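J.: A single structure is presented below for examination.
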């Protein structure tokens, strides 16, 4: 699809921290030829975090480039310190290769971009354009403050837990109970089935939104989403897409969506890929879904501390147990001991309601056992009780309070 080109023409000034001579030579060569970036200063050794932040602020740079190959521990500490400092700069991690483990470490630490030798000019320019746009948006906080909808992530800890069914039902219930603007987005690029389950034909998908993240406006956005029973749906691509490591298109797309909608509910394929990590790290609330089989519960126990390492607060995580049988030997108290965390809600096994919803291309029926449980969960989150006619609600509590 076509879209407007980026309107960013500002030069990105950079500060380079690079003990590695190979990386230094390669990045300086790219910077010399770049029409969008310039080098303000280079530091050949790793400075202290405070000295680096002070230097970046005094130079007024838009980006700090850090060699993360020479000393991973020291560079990682610097990266996190700059990212957490609140300074209006983007951190760019530089390495000799596209090592997936290093990439994920840097993204978790707060890097906005990751580049590797030989620093292809096209990749470098795209990164600089994203940084320029990010800097421009940071300089206009009044525009960002106009509206910021609540971002709610729904992610399975193991495939087949029914997270997509719950995500769709939650979105429809939020819409029904609040009458506010709701987006349901399928961010499972490798295996999203939301459009299939809802019987929707979507000419454009999430991948189109990500590819045009720097050019999004309301007119372009309306061509990407499909209206369905009162809410907008952004579907996943029909063909699986390769893993997306780069975080910024996801962040930028979600930030834009929050300026349009009161609630943005994203259905994730998991939390350990680039899309999942970026989504949960920026979400107001993360709903982790598991079923009652032992592998699923084991992965729930392992996922919770992983999210904490990524900076997600325990209070922002909801543990949801799907297909729960109250007659089973394992109680919620037993599961909480396994998870080492509280269970926010349980949803009953209701295969008949799920199959009917899939046949009809909609959410599970409100009158079914599963539908009642989902409606009650949303009602509790909103802090109100539904009226007999399902009318509008009163003031929302802060937990799910859209702005």
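J.: Kindly establish whether residue 312 is at pLDDT below 90, surrounded by 12 or more Cβ atoms within 10 Å (Cβ to Cβ), assigned by TED's automatic domain parsing to the domain that holds residue 168 and in a loop (DSSP other than H, G, I, E, B).
T.: yes
J.: Looking only at segment 341-348, decide whether some residue is modelled with pLDDT of 90 or more and either surrounded by fewer than 13 Cβ atoms within 10 Å (Cβ to Cβ) or closer than 21 Å to residue 195 by Cα (or both).
T.: Yes.
J.: What is the residue count in segment 275-297 for residues that are within 12 Å of the chain's Cα centre (by Cα) and part of a strand (DSSP E or B)?
T.: The qualifying residues number 2.
J.: Considering only residues that are assigned to a strand (DSSP E or B) and free of Cβ contacts under 8 Å to residues at least 60 places away in the same chain, which ones fall in segment 22-53?
T.: Matches in segment 22-53: 38, 39, 40, 41, 42, 43.
J.: Kindly indicate whether residue 300 is in contact with a strand residue (DSSP E or B) (Cβ under 8 Å, 6 or more places away or on another chain) and either in contact (Cβ under 8 Å) with a residue 12 or more places away in the chain or not in a helix (DSSP H, G or I) (or both).
T.: Against the criterion (in contact with a strand residue (DSSP E or B) (Cβ under 8 Å, 6 or more places away or on another chain) and either in contact (Cβ under 8 Å) with a residue 12 or more places away in the chain or not in a helix (DSSP H, G or I) (or both)), residue 300 qualifies.
J.: Need the failing condition index for residue 185 against (1) touching a strand residue (DSSP E or B) at 6+ places or on another chain (Cβ under 6 Å); (2) part of a loop (DSSP other than H, G, I, E, B), just the number.
T.: Against the list (1) touching a strand residue (DSSP E or B) at 6+ places or on another chain (Cβ under 6 Å); (2) part of a loop (DSSP other than H, G, I, E, B), residue 185 comes up short only on (2).
J.: In segment 267-274, is there at least one residue being farther than 26 Å from residue 130 by Cβ and touching a helix residue (DSSP H, G or I) at 6+ places or on another chain (Cβ under 7 Å)?
T.: no
J.: Output the number of the condition that residue 129 fails; it satisfies all remaining conditions of (1) within 21 Å of residue 282 (Cα to Cα); (2) modelled with pLDDT under 90.
T.: (1)
J.: Could I ask something else about it? Being closer than 20 Å to residue 22 by Cα and touching a residue at least 40 places away in the same chain (Cβ under 8 Å) is the filter; apply it to segment 76-95 and report the residue that is surrounded by the fewest Cβ atoms within 10 Å (Cβ to Cβ).
T.: Ranking the qualifying residues of segment 76-95, first place goes to 95.
J.: If residue 272 satisfies every condition in (1) modelled with pLDDT under 90; (2) under 19 Å from the mean Cα position of the chain (by Cα); (3) over 27 Å from residue 233 (Cβ atoms) but one, which is the exception?
T.: Unmet condition: (3).
J.: Quick check on segment 99-108: of everything there that is in contact (Cβ under 8 Å) with a residue 40 or more places away in the chain and surrounded by fewer than 21 Cβ atoms within 10 Å (Cβ to Cβ), which residue is farthest from residue 33 (Cα to Cα)?
T.: 108
J.: Can you tell me which residue in segment 54-73 is farthest from residue 27 (Cα to Cα), limited to those that are under 27 Å from the mean Cα position of the chain (by Cα) and assigned to a helix (DSSP H, G or I)?
T.: 73
J.: Could you tell me whether residue 59 is in contact (Cβ under 8 Å) with a residue 24 or more places away in the chain, closer than 20 Å to residue 80 by Cα and either in contact with a strand residue (DSSP E or B) (Cβ under 9 Å, 6 or more places away or on another chain) or surrounded by 17 or more Cβ atoms within 10 Å (Cβ to Cβ) (or both)?
T.: The answer is yes for residue 59.
J.: Suppose we filter 111, 161, 121, 168 for residues that are crowded, with 20+ Cβ neighbours inside 10 Å, modelled with pLDDT of 85 or more and under 28 Å from residue 70 (Cα atoms); which single one remains?
T.: 111
The values are calculated or read from the model by the stated rules, or taken from the named source; none is laboratory data. All of these numbers come straight from a predicted model, not from anything done at the bench. FYI the Cβ positions are ideal-geometry reconstructions off the backbone, even for glycines, and counts take in every protein chain you see.
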